[in-house]
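K.L.:
Here you go, one structure.
The values are calculated or read from the model by the stated rules, or taken from the named source; none is laboratory data. Just so it is clear, the structure is predicted and the values come from calculations on it, not from any experiment. When we count neighbours, we look across all protein chains shown, and the Cβ atoms used for this are built from the backbone with ideal geometry, even at glycine. All accessible areas refer to the heavy atoms of the entire protein, side chains included, with ligands and DNA or RNA removed. Shrake-Rupley method; radii C 1.70, N 1.55, O 1.52, S 1.80 Å.
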Amino acid sequence: MHPVRKKRMITIGVILVLLSAAIGLVMFALSQNINLFYSPTQIAKGEAPQQVTIRAGGMVVDGSVERQSETLDVAFAVTDYQHQLRIEYRGILPDLFREGQGIVAQGKLDQRGVLIASEVLAKHDEEYMPPEVTEALEQSKQASAQP
Amino acid sequence: MNWTWFHKLGSPKWFYQWASKWAGKLVWIGLLLLLIGVVWGLAFAPADYQQGNSFRIIYIHVPVAMLAQSCYLAMGIAGFVALVWQMKLAPVFIKSVAVVGAVMAFIALLSGAIWGKPTWGTWWVWDARLTSVLVLFLLYMGVIAIQNALDDQVFADKAVAVVSLVGVINLPIIKYSVEWWNTLHQPATFRLTEKPSMPMEMWLPLLFSALGLYLFSAGIAMWRMQTEVLKRERKANWVKQEVMSDGI
């Protein structure tokens, strides 16, 4: 290769490596700010500040959803399969909200360690299935559960 | 290894004639595949068990998002070639592809927002994936703006090559944002290396529309490059002959 081109290539390579390293370090330093939400474990460890608006996310625990019949108040727990966090919310939940679904809630932690949410978003996973397949899956699950 | 094809790319004349043969074919085949994929996906593929029909936006969102990233990767490589080998066609390529990529990034952001409202409950959230794609869109805008703002063509080409090359750092951030950080955006559904996380009758139309969009965009980019080559080589003899032979 022509020495001039080789020199240019090396210069560009060095600049790119240095820039990537710089951006990587910045990202690493800011990773807590880049994370969209705290997991229940992080909140249990006390990493999340109190009385400041934060987001918390996790899977809605089966059987934990309590709805008030008179108001739109709803309370439920989310889990990351290590710790649980109780969330209280007043308002309309997204269509995809259900037990076992991932959600992200925005709100403030109170002294009890409960998140008083002002917004609840549903988090979707990357799995897609036609409804017939889900039914078939559930039937086979039930069939295998029966002795 | 035979590098003749690479050196041939250095000749605008050779490229122009090669592109005249292929660009039209690519556009039409791409359009056909895209049409099959989109109609199949929007009308015939089964609905999702959770999201119902709103999941169908995947047949537009995923292909354009892939294109938006691929275009930038290609621009980055062209930027490297432009800086090291100073090949004439590399800046032409960057200038032509930037507009295609910008449109793709914009449609990806727009279709994602439209899908996000019913599914997540919000149009926009500043999570790592959404923000990094917005940065990608702004990088495209930057490339287009620099190319148009600088009068000195040589200087503009060089500046654009640098921006294209450096912006490539954003691509792994987009790709791995959903794994490195907690995001609202779900991980990738459409993977070529692993088993896709959707059944065949949902995955096949997606494959068709993605392939179609790649071919279509390649054809459009080649047309744009041809125009740019004609503009830049307007003083060359072969361009005069080319224009004369069209009877103008």
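K.L.:
Using DSSP loop states and a limit of at most 10 other Cβ atoms within 10 Å to flag trypsin sites (Lys or Arg not before Pro), what is the longest stretch of chain B containing no flagged site?
P.N.:
B:1-233
K.L.:
If you don't mind, there's one more thing I want to ask. Would you tell me the accessible area of residue B:134, worked out with a 1.4 angstrom probe on the heavy atoms of the protein chains, in Å² to the nearest 10?
P.N.:
That residue has around 50 Å² of solvent-accessible surface.
K.L.:
At 1.4 Å probe radius, can you tell me the per residue accessible area of segment B:71-191 in Å²?
P.N.:
So segment B:71-191 comes to 40 Å² accessible per residue, rounded to a whole number.
K.L.:
Just by accessible area at a 1.4 angstrom probe, what is the order of A:2, B:7 from largest to smallest?
P.N.:
In descending accessible area the options line up as B:7, A:2.
K.L.:
Identify which of B:49, B:16, B:214 has the largest mean-square fluctuation in a Gaussian network model of chain B, with springs joining Cα atoms closer than 10 Å.
P.N.:
B:49
K.L.:
Across peptide A:93-105, what mean number of C-beta atoms from other chains lies inside 10 Å of a residue's C-beta?
P.N.:
Partner Cβ neighbours, averaged per residue: 3.
K.L.:
A further question on this structure: Round to the nearest 10 and report in Å² the accessible area of residue B:189, as given by a 1.4 Å probe over the protein chains' heavy atoms.
P.N.:
Near enough 10 Å² of accessible area.
K.L.:
If you don't mind, another one. Protein chains only, probe 1.4 Å: how do B:245, A:20 rank by accessible area, largest first?
P.N.:
Order by accessible area, largest first: B:245, A:20.
K.L.:
What does the average come to when, for each residue of peptide B:48-58, you count the partner chain Cβ atoms lying within 10 Å of its Cβ?
P.N.:
4
K.L.:
Ignoring any ligand, DNA or RNA, what whole percent of the accessible area of chain B comes from carbon and sulfur when the probe is 1.4 angstrom?
P.N.:
Carbon with sulfur: 70 percent of the solvent-accessible area.
K.L.:
If you build a Gaussian network model of chain A, linking Cα atoms that sit under 10 Å apart, which residue out of A:74, A:14, A:65 swings the most?
P.N.:
Most flexible of the set in this elastic network: A:14.
K.L.:
A further question follows. Rounded to the nearest 100 Å², what is the sum over both chains of accessible area buried where A meets B, with a probe of 1.4 Å?
P.N.:
Using a 1.4 Å probe on protein heavy atoms, the buried area is about 3500 Å².
K.L.:
For chain A, set up a Gaussian network in which alpha carbons nearer than 10 Å are linked by springs, and say which option among A:117, A:22, A:105 fluctuates the most.
P.N.:
A:22
K.L.:
Where the centre of each part is set by its Cα atoms, how far does segment A:64-103 sit from segment B:131-158, in angstrom?
P.N.:
About 45 Å separates the Cα centre of segment A:64-103 from the one of segment B:131-158.
K.L.:
If you filter segment A:27-79 for trypsin sites (Lys or Arg not before Pro), then keep DSSP loop positions with at most 16 other Cβ within 10 Å, what is left?
P.N.:
Counting only loop positions with at most 16 other Cβ atoms within 10 Å, the trypsin sites (Lys or Arg not before Pro) in segment A:27-79 are A:45.
K.L.:
Let me confirm one metric for peptide A:28-36, namely the mean number of other chain beta-carbon atoms within 10 Å of its residues' beta-carbons.
P.N.:
What the average comes to for A:28-36 is 4.
K.L.:
Against the longest principal axis of chain A, how steep is helix A:131-145, in degrees 0 to 90 to the nearest 10, with axes from Cα atoms?
P.N.:
So the helix axis and the longest Cα principal axis differ by about 70 degrees.
K.L.:
Now for a different question. Could you give the nm distance between label points at residue B:171 and residue B:135, where each point is 7 Å from its Cα heading toward the beta carbon?
P.N.:
1.5
K.L.:
Which loop-located GluC sites (Glu not before Pro) does segment B:171-248 contain, where loop means any DSSP state but H, G, I, E or B and the Cβ has at most 11 other Cβ atoms within 10 Å?
P.N.:
When the GluC sites (Glu not before Pro) of segment B:171-248 are filtered for loop state and at most 11 Cβ neighbours within 10 Å, B:194 remain.
K.L.:
Amide H to amide H under 5 Å from residue B:122: which residues, 5+ apart in sequence or cross-chain, H placed 1.01 Å off N in plane?
P.N.:
B:117
K.L.:
Let me ask something else. At 15 angstrom or more along the helix axis (alpha-carbon based) and mean Kyte-Doolittle of 0.0 or higher, what helices does chain B contain? Whole DSSP H runs only.
P.N.:
The qualifying helices are B:12-39, B:58-84, B:89-119, B:128-149, B:153-167, B:200-232.
K.L.:
Of the accessible area of chain A, with the probe set at 1.4 angstrom, what percent is carbon plus sulfur?
P.N.:
Using a 1.4 Å probe with all protein chains present, chain A comes out at 56 percent carbon and sulfur.
K.L.:
Now a separate question. Leaving out ligands, DNA and RNA but keeping every protein chain, what accessible area does residue B:103 have, in Å² rounded to the nearest 10, with a 1.4 Å probe?
P.N.:
Number for this one is 70 Å².
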